[in-house]
1. Regarding the range 197-209, can at least one residue be identified that is out of contact with any Ser or Thr (no Cβ under 9 Å at 6 or more places or on another chain) and closer than 22 Å to residue 148 by Cα?
2. Every residue in the range 201-213 that is open to solvent by 10 Å² or more (accessible area, probe 1.4 Å) and either modelled with pLDDT of 95 or more or in a strand (DSSP E or B) (or both), please.
3. For the range 16-107, which fully contained helices (runs of 4 or more DSSP H) count at least 1 residues that are within 23 Å of residue 138 (Cβ to Cβ), open to solvent by 20 Å² or more (accessible area, probe 1.4 Å) and touching a helix residue (DSSP H, G or I) at 6+ places or on another chain (Cβ under 7 Å)?
4. Report, by residue number, each residue of the range 260-289 that is part of a loop (DSSP other than H, G, I, E, B) and either of a type outside the set (Lys, Arg) or exposed (fewer than 15 other Cβ atoms within 10 Å of the Cβ) (or both).
5. Taking the range 239-259, which residues are out of contact with any Phe, Trp or Tyr (no Cβ under 8 Å at 6 or more places or on another chain), surrounded by 14 or more Cβ atoms within 10 Å (Cβ to Cβ) and not in a loop (DSSP other than H, G, I, E, B)?
6. Filter the range 154-181 for residues that are surrounded by 18 or more Cβ atoms within 10 Å (Cβ to Cβ) and not in a loop (DSSP other than H, G, I, E, B) and give the result.
7. Taking the stated definitions as given, is residue 194 aliphatic (A, V, I, L, M) and in a strand (DSSP E or B)?
Amino acid sequence: MNAPFSPLAPDGNGPVIANGLSVDVEDWFQVGAFENVIERGEWDSIKTRVEDNVYRVIDLFAEADVSATFFTLGWVAKRHPNMIRRIADAGHELASHGYDHARVFTFTRHEFAEDIRKARAIIEDCAGVAVTGYRAPSFSIDGRTPWAFAELAEQGYAYSSSVAPVVHDHYGWPEAPRFAFKPLPWSSMIELPVTTAMLGGRRVAAGGGGFFRVLPYGFSRWAIRQVNRQDSRPAVFYFHPWEVDPDQPRVGHASLRSRFRHYTGLSKMAGKLRDLVHEFRWTRMDLVAHREAARAVDLVLPDPVGEFVA
């Protein structure tokens, strides 16, 4: 368990900020790195490992007495309803990660609407709780998909955490704000971008995932402290259950780059996460969204009218 909470940072420099802790619940074979070598039609024939890994994550969070948000694929929730209920029973937030990890920019607006509606219904039916948050697979809301925010708002979502405001070969919207913003003038819904830090005048990805696994723990400590102390904002951190599973199957026919991204650092991930959740203060993403709403800046996007095409 954490030491008793102090309203000041350990060095006395200002109040402790509660950062957003999140888990993108997908299995090892559903990741973007393998999307070109493992077909969706094969998924049902592959033994899943996600449930055991999620339980390991829940136990790790319980050790540190922290709560988090589990952005969950509808495909996973449909096949593991007991796991979904256990997440909710442990006091964590359940949110949507879409149905089967298809990236938003591969959809028409109509297809996107059906995807998020389907995933949300499955998760809510499993857990008996309302789903108000969404994270796009592979942070795939960007300048190509301005209609996505409108669809989320119209379906009643309170927040999204779907933007990576960096340049990256796999995702990214570098023109987006680094911190909470309101993408629509007519909606209170806010976007909570994944964390970036400033290094040499440039934004660098610092919100978890592969960067957390591959880079030394000290990098993430530095980045979160920068965001908390210099920017006085909460960090938004994420990882996946498969990242605490060093014994998962190896996909030998994937590219060297994909294998490096996926498998590097798996054996050390649980230990690094344990250090992270004890060193900083964490909370659910819905609570971060509520607290950040008053500071969210407005974002002007193209008019989404006319984007609803079949």
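The values are calculated or read from the model by the stated rules, or taken from the named source; none is laboratory data. The model shown is predicted, which means the values in this text are computed figures rather than measured ones. With ideal geometry, Cβ positions are generated from the backbone for all residues, glycine too; neighbour counts draw on all protein chains shown. Accessible surface is based on the protein model in full, side chains and every heavy atom, while ligands, DNA and RNA are left aside. Shrake-Rupley method; radii C 1.70, N 1.55, O 1.52, S 1.80 Å.
1. Looking for residues that are out of contact with any Ser or Thr (no Cβ under 9 Å at 6 or more places or on another chain) and closer than 22 Å to residue 148 by Cα, one finds none in the range 197-209, hence no.
2. Kept after step one, since they are open to solvent by 10 Å² or more (accessible area, probe 1.4 Å), are these residues of the range 201-213: 201-205, 210-211, 213.
If the condition is that a residue be open to solvent by 10 Å² or more (accessible area, probe 1.4 Å) and either modelled with pLDDT of 95 or more or in a strand (DSSP E or B) (or both), then 202, 203, 204, 205, 213 are the ones that fit.
3. Details: elements: 50-64, 74-79, 81-89.
Output list reads 50-64, 74-79.
4. Just the residues of the range 260-289 that are part of a loop (DSSP other than H, G, I, E, B), to begin with: 264-265, 280-281, 284.
Of everything in the range 260-289, those that are part of a loop (DSSP other than H, G, I, E, B) and either of a type outside the set (Lys, Arg) or exposed (fewer than 15 other Cβ atoms within 10 Å of the Cβ) (or both) turn out to be 264, 265, 280.
5. First, the residues of the range 239-259 that are out of contact with any Phe, Trp or Tyr (no Cβ under 8 Å at 6 or more places or on another chain): 240-241, 243-244, 246-247, 252-253, 255-257, 259.
Remaining after also requiring surrounded by 14 or more Cβ atoms within 10 Å (Cβ to Cβ): 240-241, 243-244, 259.
Within the range 239-259, 241, 243, 244, 259 meet the criteria.
6. Taking the range 154-181 and keeping what is surrounded by 18 or more Cβ atoms within 10 Å (Cβ to Cβ), we get 157-166, 171-173, 176, 178-181.
Within the range 154-181, 159, 160, 181 meet the criteria.
7. Numbers: aliphatic (A, V, I, L, M): yes; in a strand (DSSP E or B): no.
No: the conditions fail for residue 194.
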